[in-house]
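Taking it in order: structure first as C-alpha cells, then the write-up.
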Amino acid sequence: MTMTPVRGTNSQTLTDPSELLIKEARQKMRRRRLRFVVAVLIVLVAVVAIWQGSGGTTRPASPPRANTSGPQRPLPGGSSNLAALGVLGGQSLAQVVPFGLNTVWVSTSNNVKPTGGGQGIELTTNAGKTWTNVTPPGLGVGGGNHSITGFFALSPTRAWLLYGGIKGPQTIETTSDAGRHWSSKVGVLSPTGCTPQFVTLQDGTCSQLWGAGGSMPIGIYRTSDGGASWRKIFQSGLGTTSTTRGSIPFGCDKSIDFTSATKGFVLFWCNGGTGAIIYGTADGGVTWAARNVVQPRLTMDGGGFTGPPVFSGARGAVPYGGGSYSAVFVTTDGGQSFHPVYPPGTPRQWAVDIISPSQWRLTFDKEILATNNGGTSWFSVTSDTTLTNTRYVKGESPGGLVHFVSAHDGWLTENQYNPNSSLLRTNNGGRTWRTVSVPGTEKL
C-alpha cells in the first residue's frame, strides 16, 4: 500500500535458515491468537453479566472497539462492516492519517509473514482513547488476492482501499460513513503497485513509481467517477529526458502530489549535487513542465523534497532536506516558482513538517524548532522524548514521521513498517508525548 504520506504496505519474505525460527514465530502467533480469544471471552462474560444484572431490560454498553453506530443497512451493492473481524496482533503502522484534533485513520500491516498475517484499518474519533476496527469484511488477514495494497482517506468519513495479489488487478472499495459500510468492488485497477490519491469525491489518481537505482519512471492513472473507471494519462520511461516536451526526466527518485483535479507536482530526491527540482502540471497530469526553483546555497551528498506541498490559495510550502541541512521551499504564485527559507542556527538535518504555508515544525533529537510566520521569527521547544527516529540517515529512510495538525496537537509515527512501530501524541506543541496503543500493533 502508502496513506504520505502514504505509499503502500511492504512485505518481507521469510528466509529459511533454521526450522527453529519458523517454529518460534508460529508459537508466538498462537500465543497472540490465544490471548485474543481469551480477551473476547472475558468481554462476552461481562456483557452477559451486565444483561442479567439489569433484568434484560437495558442494552449493555458496547466495548470500545465495537462498531455499532451508524446505519445498519449496507450501501447499495456494498457490505456491512459489522461482521468485520478484529485485527490480529503483530502488525506495524503503515499509514497514519489525522484529520483535526481527534480523528485519525491508521492502516496496519504485517511485514514478517508473507501470507496469513494481520492487516486492517483502524479509526479513532477521540484522539486515540478508543479505536474502531473498520476493516472491510474478509480483509483482516493478508494473502492471496486479499492483501491490502493501497489506502487513502480524504476526510474523517470518506476513504478508499485497494486490495489484490502481487500480480493482477486491484479491487477498489470505498466508504462514505467512516468505515461502517464499504461498497463492494466499486472499481478495478489493472496496474499493481500504484499509490492512490483523491482530491475530491470523484477525482483521483493512482501513480506508479518504479525505483531503478536512483532513477524512476512514472505511470499515472486517473478517475473522474470516484474510482469506478480509470484511464492511463501519463507514462515516462528510460527514453525521456528533461528536454522532452511535456515529460519528466528519468533521473532521481520522485514523489507525486496533486492539489486539485488539474494541478499537481512531481518532487525530486537526487543523489549527489543535483539540486532542487520540481515539475508541475496544470492539465491533471497529462503534460508536465519544470518549475522555476531557486537552488539551495549549500551542496550536499544527495537530498531532495521530503514531504508533500501544502497550499492555501497561491501561497505554499514544501520541506527539503538531505544529509547535512534542511530548508523549506515557499511559493507565492501558486507553485510556478519556489525559493528556499533556511532555519536559524547551525545547519543540520531537521525533520520538517508543514502545518500550513506559514506554520512549520522542525524536529531533531529533543528540540523542536517552530515558526508561525513563514520563517520571519522562530522559537524552540524542548521535548521530553528523544525524536532520533525523525533524523535523516544517509542511505536509509527516516524511521519516524512527525505530523502536527495544529500548533499544539501532533502525532509521531515511530519505526513505520517495522514490527516495533508505535504511535505517539502531543497536545502541548511537542513538549511531552504519550504512546497511543493501536489495536493489532500491541506487543503481545
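Coordinate-derived values only; no laboratory data. Not measured: the values here are computed from a predicted model. With ideal geometry, Cβ positions are generated from the backbone for all residues, glycine too; neighbour counts draw on all protein chains shown.
For the reader, a short list of remarks on this structure follows.
- Rh (Kirkwood; distinct C-alpha pairs) - the stretch 156-236, Å: 13.3 Å
- Over 28 Å between alpha carbons, listed pairs 232/254; 232/263; 129/254; 129/263: 129/254; 129/263
- Extension gain, residue 202 back to residue 332 (0.36 nm per residue minus Cα-Cα distance, nm): 44.0 nm
- Counting 0.36 nm for each residue step from residue 282 to residue 341 and taking away their Cα separation leaves a gain of 18.7 nm.
- In a reduced charge model with +1 at each Lys and Arg Cβ and -1 at each Asp and Glu Cβ, the stretch 300-437 shows a dipole moment near 160 debye about its Cα centre.
- Both the radius of gyration and Dmax for the stretch 85-207 are 13.6, 39 Å, in that order, over alpha-carbon atoms.
- Residue-span extension gain [residue 418 to residue 432] - 0.36 nm each, minus C-alpha spacing: 2.7 nm
- Note on residue 262 and residue 367: their simple-model spin labels are 4.5 nm apart, each label 7 Å out from Cα toward Cβ.
- When each of 263, 113, 366, 254 is scored by the number of other beta-carbon atoms lying within 10 Å, the sequence from fewest to most is 366, 263, 113, 254.
- In plain terms, the C-alpha convex hull of the stretch 300-437 casts an average shadow of 8.3 nm² when viewed from every direction.
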